[in-house]
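The values are calculated or read from the model by the stated rules, or taken from the named source; none is laboratory data. Because the structure is predicted, anything quoted here is derived from the model rather than measured. For neighbour counting, all protein chains shown are included, and Cβ atoms are generated from backbone atoms with ideal geometry for every residue, glycine included.
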């Protein structure tokens, strides 16, 4: 008997899956796999892999939007190919895609191209923004994760690198690197 297998994904731990899960449930998904991982790359998406493993011939993998499945055209095409090899289909609720039909497969192809385009444009805008901020002297890189002054002060007070690392909850190598930079 054909089943609908749901897959819900958000990019970060603080985002909620409730709306996607409710939509998938309303669509009749027997099982819903949930994941809080970035969609830019497929690796480390264990719940997606499990969803693909439980798919059998005649089943349908259901997602609310195509970008929940992936953002790279290559990944999306590979996923659909894997799904079709099983004899299953992909259904994208909000974009009305069903790869069980020829029109659905054609529409999926167009959406995959646009998903890749959106990712590329976002990456270009981010790089342009960073370059502009660097030129204006506003952007200095990521925020420092270790207070270098505190490391140097603790070291000056006679505390060893291992003890400093334990106290600050960082690796010894980070402390050694900061102390080495200070000596130079």
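Just to check your reading of the model, which residue among 16, 41, 21 is under 20 Å from the mean Cα position of the chain (by Cα), part of a helix (DSSP H, G or I) and either closer than 22 Å to residue 109 by Cα or modelled with pLDDT of 90 or more (or both)?
Details: 16 fails: part of a helix (DSSP H, G or I); 41 fails: part of a helix (DSSP H, G or I).
From the options 16, 41, 21, the qualifying one is 21.
When only residues in segment 97-128 that are out of contact with any helix residue (DSSP H, G or I) (no Cβ under 8 Å at 6 or more places or on another chain) and not in a helix (DSSP H, G or I) count, which is surrounded by the fewest Cβ atoms within 10 Å (Cβ to Cβ)?
101
Scan 68, 91 and give me the residue that is over 17 Å from residue 49 (Cβ atoms) and surrounded by 16 or more Cβ atoms within 10 Å (Cβ to Cβ). Walk me through how you get there before you give the answer.
Working: 68 fails: over 17 Å from residue 49 (Cβ atoms).
The conditions single out 91.
I'd like to check something: does segment 146-162 contain any residue that is exposed (fewer than 11 other Cβ atoms within 10 Å of the Cβ), in contact with a helix residue (DSSP H, G or I) (Cβ under 9 Å, 6 or more places away or on another chain), outside the structural domain of residue 98 (by TED's automatic domain parsing) and in a helix (DSSP H, G or I)?
no
Taking segment 24-38 as the search range and keeping residues that are part of a loop (DSSP other than H, G, I, E, B) and over 18 Å from the mean Cα position of the chain (by Cα), which one is surrounded by the fewest Cβ atoms within 10 Å (Cβ to Cβ)?
If we take residues in segment 24-38 being part of a loop (DSSP other than H, G, I, E, B) and over 18 Å from the mean Cα position of the chain (by Cα), then 28 is surrounded by the fewest Cβ atoms within 10 Å (Cβ to Cβ).
Of all residues in segment 74-88, count the ones that are part of a helix (DSSP H, G or I), crowded, with 18+ Cβ neighbours inside 10 Å and over 15 Å from the mean Cα position of the chain (by Cα). It would help to see each step written out before you state the result.
We begin by selecting, within segment 74-88, every residue part of a helix (DSSP H, G or I); these are 74-86.
Then drop every residue that is not crowded, with 18+ Cβ neighbours inside 10 Å, which leaves 75-76, 79-80, 83.
Going one step further and asking which of them are over 15 Å from the mean Cα position of the chain (by Cα), we end up with 79-80, 83.
Total satisfying the criteria: 3.
Just name the residue that is surrounded by the most Cβ atoms within 10 Å (Cβ to Cβ) out of those in segment 44-65 that are touching a strand residue (DSSP E or B) at 6+ places or on another chain (Cβ under 8 Å) and in a helix (DSSP H, G or I).
Start the filter on segment 44-65 by keeping residues that are touching a strand residue (DSSP E or B) at 6+ places or on another chain (Cβ under 8 Å), which leaves 45-48, 50-52, 54-55, 59-65.
The next check asks that each one be in a helix (DSSP H, G or I); those that pass are 46-48, 50-52, 54.
Working: 46: 11, 47: 16, 48: 22, 50: 15, 51: 25, 52: 18, 54: 13.
Per the stated criteria, the residue is 51.
Please state which of the following conditions residue 131 fails to meet, knowing it meets all the rest: (1) in contact with a helix residue (DSSP H, G or I) (Cβ under 7 Å, 6 or more places away or on another chain); (2) modelled with pLDDT of 85 or more; (3) not assigned by TED's automatic domain parsing to the domain that holds residue 54.
(1)
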